[in-house]
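Just so it is clear, none of the values below were taken in a lab; they were calculated from the coordinates. Keep in mind that this is a model prediction, so the values were computed, not measured. Cβ placement follows ideal geometry from the backbone for every residue including glycine, while neighbour counts extend to all protein chains displayed.
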Amino acid sequence: MAQSVNITELSLPQLELLKNQMDQMYVPGKLHDVEHVLIDVGTGYYVEKSADDAKDFFKRKIDFLTKQMEKIQPALQEKHAMKQAIMEMMSQKIQQLTALGASQAAAAKA
């Protein structure tokens, strides 16, 4: 996000860009006013801001998201460790059941 705002530093009257279409496809376009940009503030709302205000907005958004990631990282690590422990226990149980089934099959043949 912040990188797309840095295009204003080029100070070209018509700056080429790739416009996002349907979150998957990009088409070429030209930016005629590099001093004012539309930014997506979420849920389909767009706000016109100066380039400097847009940079500040994206810096605050990046800082906020970074802090949120740092908050949830310990919980995610704990959940990952729990998942690994469960996977290990399940693997041991499967091995035990396989060995038990093999011994029962051998006893039935005898």
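Take 60-66, 32-38 and order them by the average number of nearby Cβ atoms within 10 Å per residue, most first; the result is 32-38, 60-66.
Compared with the rule-of-thumb size 2.2 N^0.38 Å for a compact globular protein, the stretch 46-110 has a Cα radius of gyration ratio of 2.49.
First measure r as the distance between the Cβ atoms of Thr66 and Leu38, then evaluate 1/(1 + (r/R0)^6) with R0 = 25 Å and state the FRET efficiency to the nearest 0.05. Computed FRET efficiency for Thr66 and Leu38 comes out at 0.55.
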